[in-house]
Every structure is written in structure tokens, then in C-alpha cells.
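Trainee: Below is a structure I'd like to ask you about.
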Amino acid sequence: MTKKFNVGWGLTNKCNMRCQFCYSEDARHELQECNISDWKNFADRNHAFIDSINYGTGENAILDDFFYFAKYMKQKYPEIRQSLTTNGYISERTKTNPQFKDIFQDCIDEVDVSVDFYNKEKHSEFRGQPNAYDWAMNTLHIAKEMGKLATIVFVGFNETCDEHNLVGLFELARQNDAFLRMNIYRPVKESKIISDRFILSYDKLKQTLQYVNNEQEIVSLSDMLLGNVFTGDTSIEDNTGKDSIRILPDGTICPSTYLIAEKYRKNISIHNADLSTLKFDQFNDIEIPKDCAGCKYEKSCRGGVYDRRILWYDTFSERDPYCPMQNGDALPEQLFRIRNHIGRVSVHDGYLPTLFFKPKD
Ligand code: SF4
């Protein structure tokens, strides 16, 4: 069977918000953007090896060419699923341009809307954009009207995982028939002040998962450590650098959404990439940390999520920072309930280590 990639694609450096934890701000601002001819050339050469594209990183809806490219892909390669991660600005573009509204309706299969805080003022202030909350809500309403698969995505750090905020986010998800997805914060920026503020503590992560298990629903823990330890799903793999790639605005191809710094890249870009042979060798045969010896998940968890081990410790020989034993805790005795679903929940499920939840029915 042909191996196909889930592609995360940031078409542009541009963004109209100033999020304090932005993963890609530094890397994006150094970059010269490609243009729509470059994107089409890459897609024409490699479409047979692409399963899905998620447009994320930067705010792609700012670009007119994002809409024209999504239309091109839909017309030429309708088998490739397309999704958009947006800060909500898509609602402004589609409000003022009927053609863009039609393209969004016809060509984008899924939409992820970033909302970190259920509180309007707090979310907008945090995003550095007074309209952030309204744009996000408008996008959720449009997605609901259009019958699109919608997800509210939030970055998991101690403040967003405060139970009061979680209750509010689940309520927003309920009102908008959306999933709720949590991306645990990664210390991508080499700034200790930012990392100290945003790194989610082990205890807070455990409390969050316990809250969701008790009061809401866990749909998918697409995370090699957390899926194993909390739900006993031993089939989860880490697709970093294998089935998943991230394309930066200058066309550089990286192995992960989070491993975008210069040192993790290879000299591969959309100008020269051949997805039929693309491999990031550093993710082949990853060693299992010695401290995992004897753990009942040693063969399936294998030390946990690759990008977290690299970003926290710069080595694969350490266990995932959220391993219970790494935190002086024991493996949970009782596994969490997980909602039955067939296949992937969305294009993000399995694309990167991420956690899907749903308000309880
Ligand atoms: S000890 Fe290793 S294999 Fe076991 S849960 Fe922790 S990281 Fe995973």
C-alpha cells in the first residue's frame, strides 16, 4: 500500500494576533514565503503520497491565495482531505467575500478554531487582538451552519487547564457541536520565562484527564504515552517524521509541528521533496530509555512522545516528561473510559500527539 503523509502546512508568516506562547513566531519571521505556483508544483508532483492537508501556523485565511489553492486542490485532488486551523479570522474573510465563503464551504472539510479561554476578555487579551473571541465564535457558528466537522483547540498549560476554564470550554463545544482538542504546550521557544509560565505540570495534566474522564468524554488520546497509560490503547504510534510532516512558509519540510528549529530540519523543501522516498532517519529505531525496563507498557509506549523527549531533554534516552514514574507516581490502576469511534476522529488524530474530548451527551 502507498504510504501517505498527513501534511501540516503553514502557507504564510502573517498572523494578526500576538499569542504569548506562539510556537512558530521566530521561525516564521525569518522566512521568505513561497507562492501559489510553488505550492501547486509540489502538490502536482506529490499528491499520490498525501492523505490530508491541514493549513495551520500563521493565519492562512489572511492570504487570498490560500482560498485559491484550497480550490485548486479540491478540483484536482478531491481525495485529499483539507482542514484549516484558524484563530477565527476566516469568519471575517468569508463575511466580506462571497467567493471565499463558497470556497470555504466547498473545499475545506474540517475547521479547528483556537480558543484558549472561555472568557471573552481573557481570550482576546491573551491573543493580543480585541476581536479574537468574536471571530472565533463567528467561525464556530459558520462551521455549524455549514455542517462542518469543527473542533475547538486549546493549548494545554496550567491556566487553561484550570477546571473553571475547562467547564467553560466544554460548554462552548457543546453549544457549537464541536469536539474539544488539547495540545499540551511544548517549550519550542528557548526562553525560560515563557517555558516556566506555560509548561503544564504533571499533576495538572492528570487532574485534567481525570476531570474529562469523570465529567465529560475522552474520544481519543493520540499520544503514545498518555494513550497507553490512561486508556490502555497499545496501538498508538508516534508519527513524527514518519507519516506526518510540517511545511513552513519558505517551503522547508520539518518532521513535526514542534520540531521546527533549524537543528531539526533537513535540507528538504517543497522545491525538491519527493514524498515517495522522504524519510527523517533520526526517527527510525528510536531507543527505549533504560528506565522503561520492566514497565508493562515498555513495548508499546517505548518511552513516550518523541518531540517531548527532544524538547525537554534533547535526548531519546530519557522518558517522556509526563511518564508517571518520571514524576514519582505509579501507573494508573484503573483505565479511563474512551468513546467508541471508528477510524480517525479528524485529520489531527494521529497527525501529532494530541488529545480529543467531547462534552458528555
Ligand atoms: S516507564 Fe517508559 S514505557 Fe512505561 S509509561 Fe513511562 S515512558 Fe512509558
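Trainee: Restricting to helices (runs of 4 or more DSSP H) lying wholly in the range 187-302: which have 3 or more residues that are crowded, with 21+ Cβ neighbours inside 10 Å? Explain how you work it out, then say what you get.
Mentor: Working: elements: 192-198, 202-215, 298-301.
Output list reads 202-215.
Trainee: Report whether or not Leu140 is surrounded by 20 or more Cβ atoms within 10 Å (Cβ to Cβ) and assigned to a helix (DSSP H, G or I). It would help to see each step written out before you state the result.
Mentor: On the way: surrounded by 20 or more Cβ atoms within 10 Å (Cβ to Cβ): yes; assigned to a helix (DSSP H, G or I): yes.
For Leu140, the condition - surrounded by 20 or more Cβ atoms within 10 Å (Cβ to Cβ) and assigned to a helix (DSSP H, G or I) - is met.
Trainee: Please verify whether Glu171 is assigned to a helix (DSSP H, G or I) and under 25 Å from Arg81 (Cα atoms), treating the condition exactly as stated.
Mentor: no
Trainee: OK, next. Give me the residue from the range 222-261 that is of a type in the set (A, V, I, L, M) and within 16 Å of the ligand (Cβ to nearest atom) and, out of that set, farthest from Glu33 (Cα to Cα). Even if it seems obvious, please write down each step before you answer.
Mentor: Initial filter on the range 222-261 (of a type in the set (A, V, I, L, M)): 224-226, 229, 236, 245, 247-248, 253, 259-261.
So of that shortlist, the ones also within 16 Å of the ligand (Cβ to nearest atom) come out as 224-226, 229, 236.
On the way: Met224: 33, Leu225: 36, Leu226: 36, Val229: 41, Ile236: 35 Å.
Here the answer is Val229.
Trainee: Hey, Pro187 hits all of (1) modelled with pLDDT of 95 or more; (2) closer than 24 Å to Ser220 by Cα but one; which does it fall short on?
Mentor: That leaves (1) as the condition not met.
Trainee: Could you list, ordered by first residue, the pairs with Cβ atoms under 7 Å in which the first is in the range 300-320 and farther than 24 Å from Asp196 by Cβ and among the charged types (D, E, K, R) and the second is within 11 Å of the ligand (Cβ to nearest atom) and in a loop (DSSP other than H, G, I, E, B), at least 6 apart or interchain?
Mentor: Cβ pairs passing all conditions: Arg302/Ile288.
Trainee: Please list, ordered by first then second residue, the pairs with beta carbon atoms under 7 Å, 6 or more apart or interchain, first in the range 210-231 and farther than 26 Å from Asp243 by Cβ, second of a type in the set (A, V, I, L, M) and surrounded by fewer than 24 Cβ atoms within 10 Å (Cβ to Cβ).
Mentor: Between residues of the range 210-231 that are farther than 26 Å from Asp243 by Cβ and residues that are of a type in the set (A, V, I, L, M) and surrounded by fewer than 24 Cβ atoms within 10 Å (Cβ to Cβ), the close pairs are Tyr211/Leu166; Val212/Ile218.
Trainee: Taking the conditions exactly as written (over 16 Å from the mean Cα position of the chain (by Cα) and farther than 21 Å from Asn54 by Cα), does Gly294 satisfy them or not?
Mentor: Working: over 16 Å from the mean Cα position of the chain (by Cα): yes; farther than 21 Å from Asn54 by Cα: yes.
Yes.
Trainee: Write out, first by first residue and then by second, each pair whose Cβ atoms fall under 6 Å of each other, whose residues are 6+ apart or on separate chains, and whose first residue, in the range 69-91, is more than 21 Å from Phe49 (Cβ to Cβ) while the second is of a type in the set (Asp, Glu) and crowded, with 22+ Cβ neighbours inside 10 Å.
Mentor: Within 6 Å, the pairs are Thr85/Asp112; Asn87/Glu59; Tyr89/Glu59.
Trainee: Continuing with this model, one more query. Whether any residue in the range 42-63 is surrounded by fewer than 21 Cβ atoms within 10 Å (Cβ to Cβ) and in contact with a His (Cβ under 7 Å, 6 or more places away or on another chain) is what I want to check.
Mentor: No, the conditions are met nowhere in the range 42-63.
Trainee: Now for a separate question. Check Leu200, Leu209 and return the single one that is over 16 Å from the mean Cα position of the chain (by Cα) and within 16 Å of the ligand (Cβ to nearest atom).
Mentor: Details: Leu200 fails: within 16 Å of the ligand (Cβ to nearest atom).
Leu209 is the lone residue from the list that is over 16 Å from the mean Cα position of the chain (by Cα) and within 16 Å of the ligand (Cβ to nearest atom).
Trainee: Give me a count of the residues in the range 20-41 that are modelled with pLDDT of 75 or more and either under 17 Å from the mean Cα position of the chain (by Cα) or surrounded by fewer than 19 Cβ atoms within 10 Å (Cβ to Cβ) (or both). Lay out the reasoning, then the answer.
Mentor: The first filter runs over the range 20-41 and keeps only residues modelled with pLDDT of 75 or more, leaving 32-41.
Checking the rest, the ones that are also either under 17 Å from the mean Cα position of the chain (by Cα) or surrounded by fewer than 19 Cβ atoms within 10 Å (Cβ to Cβ) (or both) come to 32-33, 35-38, 40-41.
Final tally of qualifying residues: 8.
Trainee: Modelled with pLDDT under 85 and of a type in the set (Gly, Ala, Ser): is that true of Gly241 in this structure?
Mentor: Values: modelled with pLDDT under 85: yes; of a type in the set (Gly, Ala, Ser): yes.
Answer is yes for this residue.
Trainee: OK, next. Go through the residues of the range 266-281 one by one and say whether even a single one is within 16 Å of the ligand (Cβ to nearest atom), among the charged types (D, E, K, R), on the phi < 0 side of the Ramachandran plot and in contact (Cβ under 8 Å) with a residue 24 or more places away in the chain.
Mentor: Among the residues of the range 266-281, not one is within 16 Å of the ligand (Cβ to nearest atom), among the charged types (D, E, K, R), on the phi < 0 side of the Ramachandran plot and in contact (Cβ under 8 Å) with a residue 24 or more places away in the chain, which makes the answer no.
Trainee: Please work out which residue is nearest to the ligand (Cβ to nearest atom), limiting yourself to the range 303-318 and to residues that are of a type in the set (Val, Ile, Thr) and either closer than 30 Å to Lys40 by Cα or surrounded by 20 or more Cβ atoms within 10 Å (Cβ to Cβ) (or both).
Mentor: Step one: of the range 303-318, the residues of a type in the set (Val, Ile, Thr) are 305, 310, 315.
Restricting the remaining residues to those that are either closer than 30 Å to Lys40 by Cα or surrounded by 20 or more Cβ atoms within 10 Å (Cβ to Cβ) (or both) gives 305, 310.
Details: Val305: 9, Ile310: 14 Å.
Filtering the range 303-318 for residues that are of a type in the set (Val, Ile, Thr) and either closer than 30 Å to Lys40 by Cα or surrounded by 20 or more Cβ atoms within 10 Å (Cβ to Cβ) (or both), the one nearest to the ligand (Cβ to nearest atom) comes out as Val305.
Trainee: Take the residues of the range 319-328 that are more than 9 Å from the ligand (Cβ to nearest atom) and surrounded by 14 or more Cβ atoms within 10 Å (Cβ to Cβ): which is farthest from Pro255 (Cα to Cα)?
Mentor: The first filter runs over the range 319-328 and keeps only residues more than 9 Å from the ligand (Cβ to nearest atom), leaving 321, 327-328.
Now narrow it down to the ones that are surrounded by 14 or more Cβ atoms within 10 Å (Cβ to Cβ): 321, 327.
Details: Pro321: 20, Asn327: 28 Å.
It comes out as Asn327.
The values are calculated or read from the model by the stated rules, or taken from the named source; none is laboratory data. Since this is a predicted model, take the numbers as computed values, not measurements. Cβ: placed from backbone, ideal geometry, glycine included. Neighbour counts: every protein chain shown.
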